[in-house]
1. Using only Cα positions of the chain, each an equal point scatterer, no hydration layer, compute I(q)/I(0) via Debye at q = 0.13 Å⁻¹ and quote the log10 values to two decimals.
2. Relative to the compact globular guide of 2.2 N^0.38 Å, what is the alpha carbon radius of gyration of the stretch 81-163, as a ratio?
3. Computing the accessible area with a 1.4 Å probe over protein heavy atoms, can you report the carbon and sulfur percentage for the chain?
4. Obtain the nm distance between the two label points defined at Asp27 and Trp233 by a simple spin-label model: each point lies 7 Å from its Cα along the Cα-to-C-beta direction.
5. Bin by bin, in steps of 10 Å, what percent of the Cα pairs in the stretch 109-255 do you find, going until the bin that has the longest distance?
6. Rounded to the nearest 20 Debye, what is the dipole magnitude of the chain about its Cα centre when Lys and Arg each give +1 and Asp and Glu each give -1 at the C-beta?
7. Based on alpha-carbon centroids, what's the gap between the stretch 239-255 and the stretch 35-113 in Å, whole number please?
8. Could you sort the peptides 58-64, 74-80 by per-residue average Cβ neighbour count (10 Å cutoff), highest mean leading?
Amino acid sequence: MLQQLIAWTLVLVLGISGAAQASTLEDLYQVALESSYRGEFVKAEQLWSEAIAIAPDNAALWSNRGNVRVSQNHLQEAIADYDESVRLAPTAPDPYLNRGTAWEGLREWDKAIADYEQVLQLAPEDAAAHNNLGNVRSSLGEYEQALAEFETASRLAPGFAFASANVALTLFQLDRVPEALQRMRSLVRKYPNFADMRAALTAVLWQEGQRGEAESNWVAVMGLDSRYRDLTWVRQIRRWPPAAVTALEQFLALQ
């Protein structure tokens, strides 16, 4: 499940607990955030728990602990954290967005859609929510709706490379091959080290009979991210649509 998880900025609500406690909480927050970004999820979860013990009414702390629980695939526990974050800050979009990713991991598509739609009620131009909603629509086989969401996300955040990549992959799924290739090549020109689009180009070009260019892109992919050899990862974690997965499978079968 390749999703964008939002680390929510700390807001100190400590009442009369004093400057010393505030300093302790700020320090915990920074160390927990750094551990989260480094992928030290067990350590980060413990640090977020310590911060929650100091400030249990701080919605950001619950949401951020939920994020590291998602990263460990502890999805039910993460949802419980997001539920508490939503209870404490019902008008903040971040916990709804993050909870939606956990619902996706559980394949609870309707609940994920409800959370993303709630984000868009609170923040209509949230590109991550549009992109994630597109992922859900794609998982449900609703590719035209998925394309509309991905295009909106890409328009709202032109630097959001994966949203643009999802546009290209969905165009290919819809058999709009020339448009898909044009977008893939454009993304590779803009981001030469973007392994996802080089892998997609490999698959599509191979299927289109452009074998030399396909193989050239694959050499670059293997120097950037070897996970694209794993079709299960591509299908379930990166979540390419079926046509692109099949095209890549055909390429790999002949390697």
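1. With one equal scatterer per Cα and no solvent, log10 I(q)/I(0) is -0.84.
2. 1.04
3. The value for the chain is 50 percent carbon and sulfur by accessible area.
4. 3.8
5. 12, 43, 32, 11, 2
6. 780
7. 33
8. Answer by packing, highest mean first, reads 58-64, 74-80.
The values are calculated or read from the model by the stated rules, or taken from the named source; none is laboratory data. What you see is a predicted model, and the numbers here were worked out from it, not measured in a lab. Glycine gets a Cβ as well: all are built from the backbone with ideal geometry, and neighbour counts include every protein chain shown. Side chains included, ligands, DNA and RNA excluded: accessible areas come from the protein's heavy atoms. Shrake-Rupley method; radii C 1.70, N 1.55, O 1.52, S 1.80 Å.
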